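Inspection log for the structure reproduced underneath, given as structure tokens.
The values are calculated or read from the model by the stated rules, or taken from the named source; none is laboratory data. From a predicted model like this one, the values you see are computed outputs, not experimental measurements. Reconstructed Cβ throughout: ideal geometry from the backbone, glycine too, with neighbour counts over all protein chains shown.
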Amino acid sequence: MATHRKAEVEWIGGLIDGEGKIISTTSGLIPELDVTWDARNDETEEKTSPEELLAAAHASCFSMQLAHGLVGAGWDPEIITVSANVSFEVGIGITDIELTAQVESEGLPDEVLREVAERAKATCPISKALAGVEITLDLPDLPPAEDEEDEASAGDAVASDAAADEA
């Protein structure tokens, strides 16, 4: 059986001059939050935006999926920290989402973390719901993936060959 979660928003006025408020949620744990058009375009606006709420949802969903995948692979994640950066462009909409994850887990091999994290990115329910948006994943504590290193090495070799040809 499916579970259902609900959020209720009240909006007063037009798009540009109006303002809204999240007035209730299923759990009651999200406080009333003000929402405005300006909050979408001005990071200094002290109100939230749909993109900020989406970033919170995506970061939490991905971290749960990553934890599940790590446990399933035989590892015990101690701390998982995830940020989601949702990009919004006026007239276009949400253009991309950058997930950044750091995992503390004793002895966890880099290749296992990379594989499980990529699978979590592809299979977390929020990622799946956002299939039309480019989603990238950064694991800043890991060295570049081997194929990235190979591409970089190949690029360096081509540049060296070109420099040798010019000499």
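Things worth noting here:
- When we screen S105, S60, S153 for residues that are in contact with a helix residue (DSSP H, G or I) (Cβ under 8 Å, 6 or more places away or on another chain) and either modelled with pLDDT of 95 or more or more than 26 Å from R5 (Cα to Cα) (or both), the only hit is S105.
- Within the stretch 95-110, the residues that satisfy the criterion of being in contact (Cβ under 8 Å) with a residue 40 or more places away in the chain and buried (at least 18 other Cβ atoms within 10 Å of the Cβ) are I97, L99.
- Filtered residue count, the stretch 58-82, keeping only those that are within 10 Å of the chain's Cα centre (by Cα) and surrounded by fewer than 16 Cβ atoms within 10 Å (Cβ to Cβ): 1
- Looking only at residues of the stretch 19-57 that are under 22 Å from the mean Cα position of the chain (by Cα) and of a type in the set (K, R), we find that the one that is farthest from K128 (Cα to Cα) is K47.
- Contact map, the stretch 43-55: residues that are in contact (Cβ under 8 Å) with a residue 60 or more places away in the chain and assigned to a helix (DSSP H, G or I) paired with residues that are surrounded by fewer than 16 Cβ atoms within 10 Å (Cβ to Cβ) and among the aromatic types (F, W, Y), Cβ distance under 9 Å, separation 6+ or inter-chain. No pairs are found.
- Within the stretch 10-42, the set of residues being assigned to a strand (DSSP E or B) and loosely packed, with under 13 Cβ neighbours inside 10 Å comprises E10, W11, I12, I23.
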